[in-house]
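Each remark here refers to the structure printed beneath this line.
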Amino acid sequence: MAKKSVFTILLFLLIIVSQSLTNEPPVTRHDVFQAVDANGAATFADPNVVLEGILLNVPEEMLDPTPHYVDAVPPPFNLGGQWQIYIQGEGDDHAGTAVWMGQNYRMVSGGQNPSYTDAAWIDELCRVNHDPQTGYCFAPGDRVRVSGFWMPNRGKSNVNEQHESDPAYNFTVELIEAGAGLPQPEAVTLNQLKDASDNFQTGCEYYQGHLIRINNVWFTHPESWQPNATLTITDGVKTFPVLLGRGWGIAAGTNNLAAVFDVIGILDQEDSTLPFWEGYRIWVTNYDGNGRVLGDRGHPRGNLPGDVNRDGAVNIEDFSILTEQWLGNTPGIFGCD
Ligand SMILES: [Ca+2]
Ligand SMILES: [Ca+2]
Ligand SMILES: [Ca+2]
């Protein structure tokens with residue numbers, strides 16, 4: 001082969017490589033994406049965004065993905081299945097972002113956009129819970145890349161489908177590194193989150209989207225403990241809302257926390273009215289029953305895989321849970337079952 005044609009081939013390859021590099025969309029910092037104005041409203045303006053960071057939560061422990069198709073807008077308001085993850089920025093990128101998807105978009109698009117049928121919704125759950133290249137199922141602590149559309153929501157910038165079930169509005173979640181590790185929860189005091197009058201202050205915005213830890217607090221009304229309940233913690237002077245999720249360890253009667261305990265969760269905001277300087281809460285999506293820290297350390301102790309309810313014994317209670325789910329044909333949470 002003549003030198004000239006070898007050179008031509010190399011040049012051609014170089015052009016292809018450089019084109020594929022320049023076609024890579026730029027990655028936006030979370031703190032840029034989450035920037036707000038004096039009213040706490042989002043200043044980001046590009047409809048598309050690519051974000052990278054550490055996945056903080058199991059989506060089905062945060063919101064209920066169970067399909068419930070409603071393609072109309074009569075009351076009651078019903079979003080059907082919902083799915084949400086939080087991605088926390090790394091290094092000096094001190095912010096994090098929620099990625100949300102819902103089934104009944106008819107409810108939130110002024111009646112314009114069709115809802116997902118139950119079958120289509122289950123397919124979507126399957127798609128976003130897995131890396132598209134490898135089929136790997138995402139877990140907290142994975143480093144991921146999210147590419148999709150921007151939408152401001154109640155004091156945050158979210159990635160979502162802009163309330164469109166058309167596949168053109170899909171976001172994608174891709175694996176960068178499995179098991180990179182959860183970030184160390186940042187220790188925060190209620191004095192950093194509340195002012196002298198126990199009102200929310202700017203510290204809340206600084207920690208929004210972050211895994212934080214508040215030590216030595218207790219519930220003002222522990223009897224309210226149940227899935228999806230909002231309880232109030234206090235240090236004896238100031239207070240803060242804690243939103244419980246729907247993980248396996250949160251059910252009526254499972255609160256075995258000591259009189260004074262610590263909390264590890266995601267600092268979230270949903271403020272329905274301008275200015276967006278309220279509506280902060282710590283979202284704890286699961287509790288592993290350890291008695292000292294309201295949070296989920298991943299895997300509780302034990303060498304009995306059949307201990308379904310994780311009380312340290314395998315007995316009829318575990319069997320009844322298994323039977324109930326088996327006979328009830330409980331749908332799986334990943335949507336690919
Ligand atoms: Ca905010
Ligand atoms: Ca979609
Ligand atoms: Ca058991």
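With the structure loaded, tell me whether Gly141 is surrounded by fewer than 17 Cβ atoms within 10 Å (Cβ to Cβ) and either of a type in the set (Lys, Arg) or on the phi > 0 side of the Ramachandran plot (or both) or whether it fails that test. Reasoning before the result, please.
Details: surrounded by fewer than 17 Cβ atoms within 10 Å (Cβ to Cβ): yes; either of a type in the set (Lys, Arg) or on the phi > 0 side of the Ramachandran plot (or both): yes.
It is true that Gly141 is surrounded by fewer than 17 Cβ atoms within 10 Å (Cβ to Cβ) and either of a type in the set (Lys, Arg) or on the phi > 0 side of the Ramachandran plot (or both).
Give just the number: which of (1) among the hydrophobic types (A, V, I, L, M, F, W, C); (2) at pLDDT below 90; (3) surrounded by 12 or more Cβ atoms within 10 Å (Cβ to Cβ) does Leu257 not satisfy?
Only one criterion is unmet by Leu257, namely (2).
Taking the options Gly236, Gly179, Gly155, Gly135, name whichever one is buried (at least 18 other Cβ atoms within 10 Å of the Cβ) and on the phi > 0 side of the Ramachandran plot. Don't jump to the end; show me each part of the working.
Details: Gly236 fails: buried (at least 18 other Cβ atoms within 10 Å of the Cβ); Gly179 fails: buried (at least 18 other Cβ atoms within 10 Å of the Cβ); Gly135 fails: buried (at least 18 other Cβ atoms within 10 Å of the Cβ).
From the options Gly236, Gly179, Gly155, Gly135, the qualifying one is Gly155.
Answer yes or no: is there a residue in region 319-326 that is acidic (Asp, Glu), at pLDDT below 90 and either farther than 20 Å from Ala139 by Cα or loosely packed, with under 13 Cβ neighbours inside 10 Å (or both).
Looking only at region 319-326, we keep the residues that are acidic (Asp, Glu), and these are 324.
Narrowing further to those that are at pLDDT below 90: 324.
Imposing the further condition that a residue be either farther than 20 Å from Ala139 by Cα or loosely packed, with under 13 Cβ neighbours inside 10 Å (or both) reduces the set to 324.
Yes; the residues of region 319-326 include at least one that is acidic (Asp, Glu), at pLDDT below 90 and either farther than 20 Å from Ala139 by Cα or loosely packed, with under 13 Cβ neighbours inside 10 Å (or both).
Got a sec? Which of Asn23, Asn39 is at pLDDT below 95 and either of a type in the set (S, T, N, Q) or under 24 Å from Tyr136 (Cβ atoms) (or both)? Let's see the steps before the verdict.
Working: Asn39 fails: at pLDDT below 95.
It is Asn23.
Which condition breaks for Leu63 when tested against (1) in contact with a His (Cβ under 6 Å, 6 or more places away or on another chain); (2) away from ligand 1 (no atom under 16 Å from the Cβ); (3) aliphatic (A, V, I, L, M)?
(1)
Among the listed residues Thr273, Thr285, which satisfies the condition of being closer than 30 Å to Ser157 by Cβ and free of Cβ contacts under 8 Å to residues at least 12 places away in the same chain?
Every option except Thr273 fails the conditions.
Does region 102-110 contain any residue that is polar (S, T, N, Q) and surrounded by 22 or more Cβ atoms within 10 Å (Cβ to Cβ)? Walk me through it before giving the result.
Step one: of region 102-110, the residues polar (S, T, N, Q) are 103-104, 109.
Keeping just the survivors that are surrounded by 22 or more Cβ atoms within 10 Å (Cβ to Cβ) gives 103-104.
Yes: one or more hits.
Per-residue answers, yes or no, for (1) closer than 26 Å to Asn78 by Cα; (2) touching a Leu at 6+ places or on another chain (Cβ under 9 Å); (3) assigned to a helix (DSSP H, G or I):
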{"position": "Gln112", "(1), (2), (3)": "yes, no, no"}
{"position": "Trp121", "(1), (2), (3)": "yes, no, yes"}
{"position": "Cys126", "(1), (2), (3)": "yes, no, yes"}
{"position": "Gly135", "(1), (2), (3)": "no, no, no"}
{"position": "Gly141", "(1), (2), (3)": "no, yes, no"}
{"position": "Val144", "(1), (2), (3)": "no, yes, no"}
{"position": "Phe149", "(1), (2), (3)": "yes, no, no"}
{"position": "Pro152", "(1), (2), (3)": "yes, no, no"}
{"position": "His163", "(1), (2), (3)": "yes, no, no"}
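Show the residue pairs that are 6+ apart or on different chains and have beta-carbon atoms under 9 Å apart, the first residue being within region 129-140 and in contact (Cβ under 8 Å) with a residue 24 or more places away in the chain, the second being exposed (fewer than 12 other Cβ atoms within 10 Å of the Cβ).
Ala139/Gly179; Pro140/Gly298
Tell me the residue from Trp283, Trp248 that is modelled with pLDDT of 95 or more and among the aromatic types (Phe, Trp, Tyr), please. Working first, answer last.
Details: Trp248 fails: modelled with pLDDT of 95 or more.
Going through Trp283, Trp248 in turn, the sole match is Trp283.
Looking for something more than 16 Å from ligand 1 (Cβ to nearest atom), of a type in the set (Asp, Glu) and surrounded by fewer than 17 Cβ atoms within 10 Å (Cβ to Cβ) - is there at least one such residue anywhere in region 279-297? Let's see the steps before the verdict.
As a first pass, look at region 279-297 and keep what is more than 16 Å from ligand 1 (Cβ to nearest atom): 284-297.
Filter once more, keeping what is of a type in the set (Asp, Glu): 288, 296.
Narrowing further to those that are surrounded by fewer than 17 Cβ atoms within 10 Å (Cβ to Cβ): none.
There is no residue in region 279-297 that is more than 16 Å from ligand 1 (Cβ to nearest atom), of a type in the set (Asp, Glu) and surrounded by fewer than 17 Cβ atoms within 10 Å (Cβ to Cβ).
If Val308 passes every condition in (1) assigned to a strand (DSSP E or B); (2) touching a helix residue (DSSP H, G or I) at 6+ places or on another chain (Cβ under 6 Å); (3) without any contact (Cβ under 8 Å) to a residue 24 or more places away in the chain but one, which one does it miss?
(1)
Which is touching a residue at least 12 places away in the same chain (Cβ under 8 Å), away from ligand 1 (no atom under 16 Å from the Cβ), over 18 Å from the mean Cα position of the chain (by Cα) and surrounded by fewer than 16 Cβ atoms within 10 Å (Cβ to Cβ), of Asn228, Asn216?
Of Asn228, Asn216, the one residue that is touching a residue at least 12 places away in the same chain (Cβ under 8 Å), away from ligand 1 (no atom under 16 Å from the Cβ), over 18 Å from the mean Cα position of the chain (by Cα) and surrounded by fewer than 16 Cβ atoms within 10 Å (Cβ to Cβ) is Asn216.
Residue by residue, here is whether (1) away from ligand 2 (no atom under 16 Å from the Cβ); (2) closer than 17 Å to Glu52 by Cα holds:
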{"residue": "Gly141", "(1), (2)": "yes, yes"}
{"residue": "Val146", "(1), (2)": "no, yes"}
{"residue": "Ser157", "(1), (2)": "yes, yes"}
{"residue": "Glu161", "(1), (2)": "no, no"}
{"residue": "Ala168", "(1), (2)": "no, no"}
{"residue": "Val173", "(1), (2)": "no, yes"}
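The values are calculated or read from the model by the stated rules, or taken from the named source; none is laboratory data. Everything numeric in this text was worked out from a predicted model, so none of it was measured. Every residue, glycine as well, gets a Cβ built from its backbone with ideal geometry; the counts of neighbours run over all protein chains shown.
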